[in-house]
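Below: one structure, written as structure tokens.
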Amino acid sequence: MGESSICQVRATVMLYDDTHRRWVPAGSESPCISRVHIYHSPVANTFRVVGRKLQADQQVVINCAVIKGMKYNQATPNFHQWRDPKQVWGLNFGSTEDAALFANSMTSALEAL
Ligand SMILES: CC(=O)N[C@@H](Cc1ccccc1Cl)C(=O)N1CCC[C@]12C=C[C@@H]1CC[C@@H](C(=O)N3CCC[C@@H]4C=C[C@H]5CC[C@@H](C(=O)O)N5C(=O)[C@H]43)N1C2=O
């Protein structure tokens, strides 16, 4: 039994560059919209955030485990962020509806861990 998607949204995936104290687009210099999923593996009961660019190359720009106890910060209605052991991720959602959908799924995932 593989992984199944529990939600998919459109967002620009950002990483925080601690050194220069600024946000940079994940995966390339120019920000671009990605399709971001939360995948669930029922066998292991794990979740991860996977995002691929909408453009032709479908480059994976995020592949990040959802860690039990992780704090998901809804900084604004369409920019949410969280820390993983190495870095800080930010999602600039295409719409506040997508942001709410993703936040609901992330909250459910965190509750299920
Ligand atoms: C304790 C802790 O870890 N705190 C974290 C947050 C957090 C809390 C709890 C759990 C997890 C986390 Cl992650 C923290 O505060 N962090 C994480 C790294 C960056 C930051 C630190 C300082 C700056 C100051 C301003 C603020 C910021 O970045 N934004 C304001 C809100 C939206 C605003 C929106 C979009 C992005 C797109 C580019 C830039 C712009 O709009 O031009 N920008 C912004 O400016 C964005 N910061 C942060 O979020």
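The values are calculated or read from the model by the stated rules, or taken from the named source; none is laboratory data. As the structure is a prediction and not an experimental result, all values here were calculated from the model. We place every Cβ from the backbone using ideal geometry, glycine too, and count neighbours over all the protein chains shown. The accessibility values were calculated without ligands, DNA or RNA, using every heavy atom of the protein model including side chains. Shrake-Rupley method; radii C 1.70, N 1.55, O 1.52, S 1.80 Å.
What aspartates and glutamates does LYS86 reach when the alpha-carbon gap must be under 13 Å and sequence neighbours fewer than 8 apart in one chain are set aside?
ASP17, ASP18
Mean-square fluctuation check for the chain, GNM, Cα pairs under 10 Å: which of PRO25, PRO42, PRO77 is largest?
Judging by the Gaussian network model, the answer is PRO42.
Could you calculate the FRET efficiency of SER30 with SER95 from 1/(1 + (r/R0)^6), where r is the beta carbon distance between them and R0 is 22 Å, rounded to 0.05?
Values: r = 21 Å, r/R0 = 0.94.
In this case the efficiency is close to 0.60.
Carbon and sulfur atoms: what percent of the 1.4 Å accessible area of the chain do they account for?
C and S atoms contribute 50 percent here.
For the stretch 1-112, what does the relative contact order come out to in percent, with C-alpha contacts under 8 Å and a separation of six or more?
Relative contact order, the stretch 1-112: 27 percent.
If you roll a 1.4 Å probe over the heavy atoms of the protein chains, what accessible area per residue do you get for the chain, in Å²?
I get 56 Å² per residue for this part.
If you take the alpha carbon radius of gyration of the chain and divide it by 2.2 N^0.38 Å, what ratio comes out, to two decimals?
Dividing the Cα Rg of the chain by 2.2 N^0.38 Å gives 1.01.
Fully extended, how many nm does the chain gain between ARG22 and GLU111 (0.36 nm per residue separation, minus their Cα-Cα distance)?
Working: separation 89, 0.36 × 89 = 32.04 nm, distance 3.08 nm.
Difference between extended and current length: 29.0 nm.
If the cut-off is 13 Å between C-alpha atoms, which aspartates and glutamates fall inside it for LYS68, apart from same-chain ones fewer than 8 positions away?
Answer for LYS68, where 13 Å is the Cα cut-off: ASP84, GLU111, listed by chain and number.
Taking 2.2 N^0.38 Å as the expected size of a compact globular protein, what ratio does the Cα radius of gyration of the stretch 70-113 give against it, to two decimals?
Working: Rg = 10.3 Å, N = 44, 2.2 N^0.38 = 9.3 Å.
Cα Rg divided by the expected 2.2 N^0.38 Å: 1.12.
For the stretch 32-83, just list the percent of Cα-Cα distances falling in each 5 Å bin from zero outward, please.
5, 18, 21, 25, 19, 10, 3, 0
So how much slack lies between LYS71 and ALA56, counting 0.36 nm per residue of separation and subtracting their Cα-Cα distance, in nm?
2.1 nm
Show me the trypsin sites (Lys or Arg not before Pro) within the stretch 1-100 that DSSP assigns to loop and that have at most 13 other Cβ atoms within 10 Å of their Cβ.
Answer in residue order: ARG21, LYS68, LYS71, LYS86.
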